[in-house]
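The values are calculated or read from the model by the stated rules, or taken from the named source; none is laboratory data. Bear in mind that the values here come from a model prediction, so they are computed numbers and not experimental data. Positions of Cβ are backbone-derived with ideal geometry, glycine not excepted, and every protein chain shown enters the neighbour counts. Accessible surface areas use protein heavy atoms only, side chains included; no ligands, DNA or RNA. Shrake-Rupley method; radii C 1.70, N 1.55, O 1.52, S 1.80 Å.
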Amino acid sequence: MITIVLRGIFCKLHIVCCIKQVPDTTQVKIDPQTNTLIRTGVESICNPYDIVAVEAAVKLAEKNGGKVTVITMGPPQADSALRDCLAVGANEAILLSDRAFAGADTLATSYTLSQAVKKISATEQVDIVICGKQAIDGDTAQVGPGLATRLGFEQITYISEVISASKDKIRVKREVDGGSEIIETKYPVLMTVELELGLPRYASLPELVRSVRQEVKVWGAVDIGANIEQLGLKGSPTSVKEIFAPKTRTGGAVIDAQGNGVNQFLDTFFQKEPEVVKEIWGGGA
Amino acid sequence: MNETFDVAIVGAGPAGISAAITLANAGIKTVVVERGEYPGAKNMSGGVLYGHDLGQILPDFTKIPGFPIERNIIESRIWYLSKEAGISVGYRDSIFAGERKQNVFTVGRAKFDRWYADQARKKGALIVPATVVLDLIRENGRVTGVQTGRADGDIHAKVVLIADGVNSRLAVTAGFRPDVKPEHVALAVKEVIELAPEIIDQRFGVSDGNGVTTEILGAVAGGMDGVGVLYTNKASISLALGANLADFSKTKLKPYDLIETFKKHPMVAPLIAGGKSLEYTAHWLPEGGYDTMPKLYGDGYLIAGDSAMLFNAPHREGSNLAMLSGKMAADTIIEAMKTGDFSAKSLSAYNTKLSESKILQDMKKYRGFGGFLYDHKEIFETMPEIVQFGGRELLTVNAESKKTKQDKIIKKLRKDMGIPRFVRLMWSGFRAVK
Ligand SMILES: Cc1cc2nc3c(=O)[nH]c(=O)nc-3n(C[C@H](O)[C@H](O)[C@H](O)COP(=O)(O)OP(=O)(O)OC[C@H]3O[C@@H](n4cnc5c(N)ncnc54)[C@H](O)[C@@H]3O)c2cc1C
C-alpha cells in the first residue's frame, strides 16, 4: 500500500531489463558429439536486442523519472555484458550466477529470472520489465513471454516504438504480420523489443568510468529463494534432439523471357515432372 | 571529465599494464585508456614471455589464479630454410622443465593481456576500455593529460605514459617521435592452427605442459628480409612470418600468400598437418633498433615499450622490454611524485634506469643487426640455395668421392657469391651482434 501511495506522488518508474551474454557471431560451431554449442574462443557480447531494451528503459527513466536495474543469469564472465548496460545508463546491475543455474532451458531460465524480479520488487516495486525479443544464439523468443506469465504481468511483444508513458500506463507500437498495432496497458507490464526501437548511445567518458567502477551484485539460488528442482538442467524438460545446419540452397534457373526461353523451360519441366502434368491435365491426358 | 589522476597511461599492452601495476602498488591514482573492447583485443604476438622479467612486476605470477600459460618452453630450435630444405639446430635442457620452469613460456596475448590488466585493476588502477586517445593535452609546452574520443572525454593527469605500441600516432602527432619509416618496421602475419594437445606432444616430443619454440631464418619470405616463428601453445600452434615493410612494398608480395607457401614447406607441413586455422592477424614490429629510438621523456610525459621502439629482434624480445620499460617509467614517476616535479629534467631519471639495465645495453649491442639483415639480402636468397645445394651433394650417396662433392660445393659458393663476399658477410654479421 505504502509503495503505491508513494509512487502516486513521485511518479517514478522502476524498470528491470533482462539481458543475456551471447557469442559474438551467429555462426557458432556445434560439437558433433554432444550437439551443444562450442562457445570457447568466440568473443562474448551483450545480446544486441537486449542492449536496445536497456537503451529504451534508460530513455523511459530519463523522461519520466525512475530507475533501471539490469539482471542476467550467466557465468561470472557475464559481468562484462552487465557493465556494457551500465555504460548505456542503467543504474544497477545484478548477476544471477550459481552452478545450480547451469544448463537451463527457457522454462528454467524464466523461472530463475522471475524469482529475481520478485526479489527486486519486494524492496522496490517493479513497473516494467523489458527483454530483447530474442537472443541471437537461440532465437527462441520464449523467455520474455514465459517470464510475463510467471510474474502475472501484462505482456506486449515485438515493440518497435514507445509512444508515451505516464505514471501508471504505457502506450506502444508493436509489429505484427502485415502491419503494426498500437496498444496501451497499465503496469506492471513486460515488453519485448525489436531493434527498430533505437541503437544504444555511445557512453560519455564519465558514464563509462562509472560502469567500470560500479559494484555488480551477485545472487545465487539461495538469494532468490529458488526451488532447486526448477533450476538449471534439473528444471529443464527441453532436450535437444538434433542440431544441424540448414542445407545451403542452390540458386534457381534463370529463364530468358525474351526469346524462346519460357517454352523451352516448360518443355523440360513437364518432361522431368510427369506427376505435375498429370495433376494439371488429369489422369486422362 | 572532472576527476583528475596522478598518471594517465595510453595503451593496455604489456608496457602500459606493467606501469599500472607498479603505480597502483605504490598507491598512485592511475588510469589506463585502451582502444580495444578489452585489453588484448587488439594485441597479437607470437606469444613468448619471459618469467624473470614478468616476475619483476608480479613476483608470484604463477600462483595468481587464472595465470594463462599455454606451454612451458624446454627447447629452442633454430631453422635455416631454403625453399625445399632446411637445417635444424635445437637446444633442450631438463633444467627448464624443473628448477628454471617458466623461464620462457607461451601465452595467447588476448587472454594474457586481459588477465594482466585484471591484476592492475585488482590493485586499484582504473582500466578504461573501448576508448581511443585522440591527442595529448598540452599546456605551456608540457603534457597535462589526454583527450579521448568520448563525450566529456578529457582526462587531466600530472604525467602521461605513452605506451600505445609500435604505430604510435600520439607520439608522432605530438612531434615526440618521427613518423615510422617502412624500413624500420616489419609487417608480421600470424596464423593460429588448432591441434589436439596429444598430437602436439607427440609431434614435438614433449609432455606435461611443456613445449618448443622455433625461430626460422632464410628463404621464408620470398627473398625479403624476413623471419618466421613456430610456437607451441596448449592446443594450437602459432605460426608467424614477418618481413621488412619496405621490402613488402618493393616486392608487392602478399603476406597471405607467403604464409600459405610457408605452411607447405616440408619442415613445417608435417607439424601442422590436420590442424584447423583459428585466427589470422597482422601487426607491425619495431625493428629499426637503437638508432631509431626517440627521446623517451619530456615535460610531463614518458614513452615505453614498442612505442619507444624497444625491440630486440635477434632474441625476439619485445613484450618483456615493454614490461621492464613500463616498470622503470612507473618507478621514475613514483620518485617524481615525492617532489611533485614532472619536468623533463626530473623524468630524465627514466633514461638513466634504462641505460643501466639490459634494455638499452641489449639495444646497443644489436644496433647494427636490423641494418645488417636489410642490407644483405643474400642471407634470404642466395645462401639458402647454396646450403640446399651443399646438403644435397653431401647427403646423396653416389659414385662421386666426398672430395669431388666438396669441390662442387666450394665452386658453387664461388660462383653464386664469391668467397670474399661470403667472408665479408660473416664479418659484418659478427660485428652487428658482437
Ligand atoms: C608476430 C609478432 C610476434 C611477436 N612475438 C614476440 C615474442 O614471441 N616475444 C616477445 O617478447 N615479443 C614478441 N613480439 C613483440 C611484442 O608483441 C611487443 O613488443 C609488445 O606487445 C609491446 O608491448 P607494448 O605494450 O609496448 O605495445 P602493445 O602490446 O602494442 O600495446 C599497445 C596498446 O595500446 C593500445 N592503443 C594504441 N593506440 C591507442 C590509442 N590511441 N588510444 C588507446 N589505446 C591505444 C593498443 O590497442 C594496444 O592494446 C611479437 C610481435 C609480433 C607482431
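So for B:D362, B:D247, what's the accessible-area order with a 1.4 Å probe, most first?
B:D362, B:D247
Within 10 Å of the Cβ of each residue in B:116-129, the mean number of Cβ atoms contributed by other protein chains is 1. For B:E70, nonlocal amide neighbours, meaning residues 5 or more places apart or on other chains whose placed amide H falls under 5 Å from its own, are B:T106, B:V107, B:G108. Accessible surface of B:I78, taken over heavy atoms with a 1.4 Å probe and every protein chain present, rounds to 90 Å². Within segment B:1-45, find all residues whose amide N lies under 17 Å from a label point positioned 7 Å from the Cα of B:T173 along Cα-to-beta-carbon. Counting backbone N atoms under 17 Å from the label point, the list is B:1, B:8-12, B:33-36.
Pick out the long, greasy-scoring helices in chain A: whole DSSP H runs spanning 15 Å or more along their own axis by Cα, mean Kyte-Doolittle at least -1.0. The qualifying helices are A:48-64, A:106-123, A:261-272.
Pairs with C-alpha atoms separated by more than 20 Å, drawn from the list B:K250/B:K377; B:K29/B:K111; A:K20/A:K133; B:K122/B:K327, are B:K29/B:K111.
The Cβ shell under 9 Å around B:L324 holds other residues with a net charge of +1, Lys and Arg each +1, Asp and Glu each -1. Quote the FRET efficiency, to the nearest 0.05, computed for A:E154 versus A:D177 with a Förster distance R0 of 25 Å and r equal to the Cβ-Cβ distance. E(calc), rounded to 0.05, equals 0.75. Net charge in the neighbourhood of B:G90 (other residues with Cβ under 12 Å of its Cβ; Lys, Arg +1, Asp, Glu -1) is -1. Here the Gaussian network model covers chain B, with springs between Cα atoms less than 10 Å apart; of B:L81, B:L310, B:L271, B:L271 fluctuates the most. Ranking B:D152, B:D331 by solvent-accessible area of protein heavy atoms (1.4 Å probe, all protein chains present), from largest to smallest, gives B:D152, B:D331. For peptide A:199-209, the mean count of partner chain Cβ atoms within 10 Å of a residue's Cβ comes to 5. Its relative contact order, with pairs defined as Cα atoms under 8 Å and 6+ residues apart, puts chain A at 22 percent. Considering only alpha-carbon pairs that sit under 8 angstrom and 6 or more positions apart, the relative contact order computed for segment A:69-182 is 16 percent. Per-residue 3J(HN,Hα) values for segment B:9-17, derived from phi via the Karplus relation 6.51 cos²θ - 1.76 cosθ + 1.60 with θ = phi - 60°, read 10, 9, x, 9, x, x, 5, x, 6 Hz in sequence order (x marks Gly and Pro). Label-to-label distance, B:D257 versus B:R100, with points set 7 angstrom from Cα along the beta-carbon direction: 4.3 nm.
Accessible area per residue was computed with a 1.4 Å probe on protein heavy atoms; B:V48 scores about 10 Å².
Compared with the dominant Cα axis of chain B, that is its longest principal axis, helix B:255-264 is turned about 50°. For segment A:98-216, what percent of Cα pairs sit more than 19 Å apart? Every Cα pair in segment A:98-216 considered, those over 19 Å come to 57 percent. Other protein chain C-beta atoms within 10 Å of residue C-beta, averaged over A:44-54: 0.
Taking B:R109, B:R421 and ordering them by how much accessible surface each has at a 1.4 Å probe, largest first, produces B:R421, B:R109.
Here the spin labels are modelled as points 7 Å beyond Cα on the Cα-Cβ line, and at B:A282 and B:E139 they lie 4.2 nm apart. For chain B, the longest principal axis of the alpha carbon atoms and the long axis of helix B:382-395 meet at an angle near 40°. Using just its DSSP H runs of length 4 or more, each adding -39500 (n - 2.57), chain A gives a mean residue ellipticity at 222 nm of -10000 deg cm²/dmol after division by all residues.
Taking all Cα pairs closer than 8 Å and separated by 6 or more residues, the relative contact order of chain B comes to 20 percent. Just to confirm the number: angle between the C-alpha axis of helix B:319-339 and the first principal axis of chain B, 0 to 90 degrees, nearest 10? Result, in degrees: 20. Centre-to-centre separation between the Cα atoms of segment A:92-132 and those of segment B:73-122: 45 Å.
Can you compute the FRET efficiency between B:Q147 and A:A102 using 1/(1 + (r/R0)^6), with r the Cβ-Cβ distance and R0 = 56 Å? Round to the nearest 0.05. With R0 = 56 Å, the Cβ-Cβ based efficiency is 0.80. In this view, the solvent-accessible surface of B:E139, computed with a 1.4 Å probe and all protein chains in place, comes to about 90 Å².
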